[in-house]
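Here is the structure we will look at.
The values are calculated or read from the model by the stated rules, or taken from the named source; none is laboratory data. What you see is a predicted model, and the numbers here were worked out from it, not measured in a lab. In this analysis, Cβ positions are derived from the backbone assuming ideal geometry, glycine residues included, and neighbour counts consider all displayed protein chains. SASA here: full protein model, heavy atoms, side chains in, ligands and nucleic acids out. Shrake-Rupley method; radii C 1.70, N 1.55, O 1.52, S 1.80 Å.
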Amino acid sequence: MTSARMLLIALFTAAILEAQAKRVVLVKVDGLPADRIEQLIQQIDPETGRSVLPWMHHIFLERGAWVQNFYVRGISLSAPSWSMLDTGQHLTIRGNAEFDRFMPLVYDYLNFFPFYVGYAKLRRADMPGVEVLDQFGIPLFQDQFPPDARHESMQLFQRGVAWTTLRDSVKSQVTRPARELLNEWQTGLEMAPGIDREEEKELIAALADPMIQYLDYYLGDYDHTAHLTNDDSSQLAVIKHLDARLGQIWNAIQASPLAAQTVLAVVSDHGMNSSRGTYSQGYNLVKLFNSAAGGGHHVVTVRYPLTEYKLSGLDPFVSWVVTPSADASYLHNQNDYPTVLLDPDGNERASAQLRNSDLNAIHILLLQLKRKDMDSAQRSAVKKAVLEIIDCNRARWASTVAELNEELRALLKAIERQKTIIAADPKSWPKPDRNNMRHLVTLDTWQTNERGYKDYARAIQRLLDLKEADLEPGRIHIENLIPKGAMGDPNSLGQLQNYVAGVSGAGLVLTADGSLDFERTFNRVNYFTLLSNVRVRNLVQRNLGVAPIDFVAARVSREALASSLDPGDRPDSDAVFVYGDDRHEALLLSQNREGVLWLRYLPVRDLAQDTGGAIHFSAAPWADGFPLHLFEDPDLAVSGDRASWLNMWHPEREWFEAVHRTQYSNGVIGLHEMFQRWQPEAIPLPFQIADKEDWPVLRRFAERRRRLTESDLLILASDHWNFNVRGFNPGGNHGSFLRISTHSVLMASGGRIPAGLAIGRPYDSLSLIPTLLALLDRSPRDGTYPGPVIQELINH
């Protein structure tokens, strides 16, 4: 090899090394829709002759890369979406708010106020979502970098508080002319712009420090604006402002010491179903569940509903609001016994947890037994019925109590060790650092869990210990047997189809042999047919139709399907039941084949669960009208006969390629993601402070806590409808599997990213972090992240 050639190779290698990225700047934009950006970035401004979004065009279309088909994986909801983008892991958090079924505990992920006040009082170190992820040992992307090598903005998954940012942004807001402040006071002081400006200033200052390798900047103003208005000019103004900010950040990067080694990426967590000329219309699920037809439930939400016009509705520290039902039957005026936990946030979807149907039946019968006007035959039948229901649940409840008691013993040992850590150096605790604060938070969390689960386990044990002699009017204490605020076990599919909501009009009915007739005694609700049959009377916008609910999804036990499916079709995890109406149902089945996820979407009819727990259904041929509307969608990209293709199992990547441009985008994959579960052995929990022999038990306990937040029903709104309990956002919403809501933004530039690269292959949330790590030449070990690297950005 000639010396000249060797010199060229050396220079070329040095240039590559010089361009190797050492720093990433991640701009996180809440709700930014890819379709809108694609339209605007190509649009020419007649006044300038340039793109309407000149900086995005320059940075990403001319000098960088754009992943044109980037999607939310799971549901198009902020907390779940950011949890995947910030961790690169499958869903652990599935809602903007989650409830625990065994005790009145709320995970309110979007509420910043309690976090900041808690931090100021040394009671909180991180946002609620980060606390949950930390309990599972799931690191954030920023945790890949040393604390002094990262610069973090204020966001949903936030570690700590930048008090200087808050202080300086407040100062900039209030040191303005008195007339301007007085005018703004009438509509409410808007602090977000001041915070955004301060964070932008701090970000640009941090870029001058070559030691900082990770910087992020979170912006929520587009999501806020698009919820409120579908006006093009209002939304465009926010996007143009974002474009200008990107220009300022880009120029600051070019002036920084690591200009050639910095990757700038823009990502959004979801799109936005906002359309000019169509207002997003609201439907009140709280009222539906309150109604007699809906079960007469007292309903818990994390915010006061729109109907509550009172100052308490403005309280940002409230996360447990009970809306009582005037139509409640056996729980009339007993608001302290809510029976539905509802999270409608995200707006195009809602999740509902209903109190276990068998607990309802026991509660109803116990109230009947407290009456003194029952004849002896009725009283004997009701006593036996209570004990019969308990016996039907005995094996499961006894196992739950035994496991909980074992877990709580291990937890108590961990609590004592945690106390020892805190007491080891008492001088450091008056002004603890963040790590010390996390020890305090962990202790508080574990103590809350220990108290709540102990109370629940004791109540269930008392139910198991009941004898017929205990069921006399003066000896029945319902509060000791059924804890207030506890929902009990998740409802099976059969229970949701035959849900006990009260005593029927016939009252207590006995059979010929003197036992209680369960069918005629109880009033029951089929929640699948109830929800699918909802129709509104006031048709404000004809193009929206009168059906506000699109479809309903629920978990189906894999064991319950064993006898109904051919051996080759049996899933190796729980399935998803997708219900459109009684003629359009589907089962989403999954199998793990040598580490690859395979899915089948099976159309069925008349699916029901019998009293023995087995699922029965009739196979249905593919036709128009099934949930997700795959068969009739012209954008379904399959070769040959589409019915034949849809009738087969396919790996996830094949599904993704086939469906991502359809109306419901990657909804098949998203539904699986929403209902999939972590396997306990796959969760690397941080139990260093516990005895090693307790790790498996504590691992099981952590898994239980997450399962207790799972919904019974996932309710999806029809196109342009929403369920927002606090105020029906007229501009637009998100939360569904519709492509307009799931199609999000990912663009990157800098480092070795080639200029002018447009990537058409679809990718989703799980690809962001492994790709950024690969761009930084920090590729993780195999298996660390489940998502594929976007190879087009790496191999060029």
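Some points to look at:
- One residue from Met127, Met84 being in contact with a Phe, Trp or Tyr (Cβ under 6 Å, 6 or more places away or on another chain), open to solvent by less than 10 Å² (accessible area, probe 1.4 Å) and not small (Gly, Ala, Ser): Met127
- Test result for Asp574, more than 22 Å from Pro621 (Cβ to Cβ), open to solvent by less than 30 Å² (accessible area, probe 1.4 Å), of a type in the set (D, E, K, R) and in contact with a strand residue (DSSP E or B) (Cβ under 8 Å, 6 or more places away or on another chain): no
Here is a yes/no grid of residues against (1) under 21 Å from Gln155 (Cα atoms); (2) assigned to a helix (DSSP H, G or I); (3) small (Gly, Ala, Ser):
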site	(1), (2), (3)
Asp216	yes, no, no
Asn230	no, no, no
Val238	yes, yes, no
Ala252	no, yes, yes
Pro257	no, no, no
Ala265	yes, no, yes
Leu288	no, yes, no
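- Residue selected from region 290-320 under the condition in a loop (DSSP other than H, G, I, E, B) and among the β-branched types (Val, Ile, Thr), by the criterion modelled with the lowest pLDDT: Thr307
- In the set (1) polar (S, T, N, Q); (2) at pLDDT below 95; (3) open to solvent by less than 70 Å² (accessible area, probe 1.4 Å), Asn333 fails one condition alone, (3).
- Criterion violated by Ala614 - all others in (1) more than 23 Å from Glu654 (Cβ to Cβ); (2) in contact with a His (Cβ under 7 Å, 6 or more places away or on another chain); (3) open to solvent by less than 40 Å² (accessible area, probe 1.4 Å) satisfied: (2)
- The set of residues in region 743-756 being in a strand (DSSP E or B) and not aliphatic (A, V, I, L, M) consists of His743, Ser744, Ser749, Gly750.
- Residues satisfying the stated conditions in region 693-717, i.e. within 30 Å of Ile740 (Cα to Cα) and aliphatic (A, V, I, L, M): Leu713, Leu714, Ile715, Leu716, Ala717
- Lone qualifier among Ser741, Ser749 - being in contact (Cβ under 8 Å) with a residue 24 or more places away in the chain, within 30 Å of Pro634 (Cα to Cα) and buried (at least 24 other Cβ atoms within 10 Å of the Cβ): Ser741
- For Asp209: the one exception among (1) within 25 Å of Arg150 (Cβ to Cβ); (2) at pLDDT below 80; (3) assigned to a loop (DSSP other than H, G, I, E, B): (2)
- Criterion: modelled with pLDDT of 95 or more and either of a type in the set (Lys, Arg) or in a strand (DSSP E or B) (or both) - qualifying residue of Arg73, Arg5: Arg73
- Residues of region 604-625 that turn out to be in contact with an Asp or Glu (Cβ under 7 Å, 6 or more places away or on another chain) and part of a loop (DSSP other than H, G, I, E, B), as a count: 1
- For region 615-658, the set of residues classified as on the phi > 0 side of the Ramachandran plot and under 28 Å from the mean Cα position of the chain (by Cα) consists of Gly625, Leu628, His629, listed by residue number.
- Filter result (surrounded by fewer than 17 Cβ atoms within 10 Å (Cβ to Cβ) and among the basic types (Lys, Arg)) within region 437-452: Arg451
- Scope region 599-614; condition more than 14 Å from Leu588 (Cα to Cα) and within 29 Å of the chain's Cα centre (by Cα); matching residues: Ala608, Gln609, Gly613
- Among residues of region 204-226 that are open to solvent by 20 Å² or more (accessible area, probe 1.4 Å), those with a beta-carbon under 6 Å from a residue that is among the aromatic types (Phe, Trp, Tyr) at least six positions away or on a different chain give the pairs Gln213/Phe145.
- Residues in region 531-554 that are open to solvent by 20 Å² or more (accessible area, probe 1.4 Å), assigned to a loop (DSSP other than H, G, I, E, B) and within 16 Å of Leu738 (Cβ to Cβ): Gly545, Ala547.
- Options Asp358, Asp336: the member that is farther than 30 Å from Leu539 by Cα, charged (D, E, K, R) and in a loop (DSSP other than H, G, I, E, B): Asp336
- Checked against the criterion of being open to solvent by less than 70 Å² (accessible area, probe 1.4 Å), hydrophobic (A, V, I, L, M, F, W, C), more than 26 Å from the chain's Cα centre (by Cα) and more than 25 Å from Met103 (Cα to Cα), the candidates Ile415, Ile478, Ile421 yield just one match: Ile421.
- Leu766 touching a Gly at 6+ places or on another chain (Cβ under 9 Å) and part of a helix (DSSP H, G or I): yes
Matching residues to (1) in a loop (DSSP other than H, G, I, E, B); (2) in contact with a helix residue (DSSP H, G or I) (Cβ under 9 Å, 6 or more places away or on another chain); (3) open to solvent by 20 Å² or more (accessible area, probe 1.4 Å); (4) not hydrophobic (A, V, I, L, M, F, W, C):
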residue: Ala758; (1), (2), (3), (4): no, yes, yes, no
residue: Pro770; (1), (2), (3), (4): no, no, no, yes
residue: Leu773; (1), (2), (3), (4): no, yes, no, no
residue: Asp777; (1), (2), (3), (4): yes, no, yes, yes
residue: Asp782; (1), (2), (3), (4): yes, no, yes, yes
residue: Tyr785; (1), (2), (3), (4): yes, yes, yes, yes
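- Residue that is among the basic types (Lys, Arg) and exposed (fewer than 15 other Cβ atoms within 10 Å of the Cβ), where the choices are Arg593, Arg600: Arg593
- Residues of region 94-103 classified as assigned to a loop (DSSP other than H, G, I, E, B) and within 16 Å of Ala352 (Cβ to Cβ), total: 5
- Within region 281-297, residues that are under 14 Å from Asn526 (Cα atoms) and open to solvent by less than 20 Å² (accessible area, probe 1.4 Å) have Cβ atoms under 9 Å from residues that are among the acidic types (Asp, Glu) and assigned to a loop (DSSP other than H, G, I, E, B) in these pairs: Gly294/Asp327; Gly295/Asp327; Gly296/Asp327, counting only partners at least 6 apart in sequence or on another chain.
- Extreme residue, surrounded by the fewest Cβ atoms within 10 Å (Cβ to Cβ), among residues of region 132-157 that are touching a residue at least 40 places away in the same chain (Cβ under 8 Å), outside any loop (DSSP other than H, G, I, E, B) and not aliphatic (A, V, I, L, M): Asp148
- Residues of region 632-648 satisfying the condition of being open to solvent by less than 50 Å² (accessible area, probe 1.4 Å) and within 17 Å of His660 (Cβ to Cβ): Asp633, Leu636, Val638, Trp645, Leu646
- Of the residues screened, Asp108 is one that is open to solvent by 10 Å² or more (accessible area, probe 1.4 Å), closer than 22 Å to Gln676 by Cα and among the acidic types (Asp, Glu).
- Sole exception among (1) surrounded by fewer than 14 Cβ atoms within 10 Å (Cβ to Cβ); (2) outside any loop (DSSP other than H, G, I, E, B); (3) in contact (Cβ under 8 Å) with a residue 40 or more places away in the chain; (4) not hydrophobic (A, V, I, L, M, F, W, C) for His672, by number: (1)
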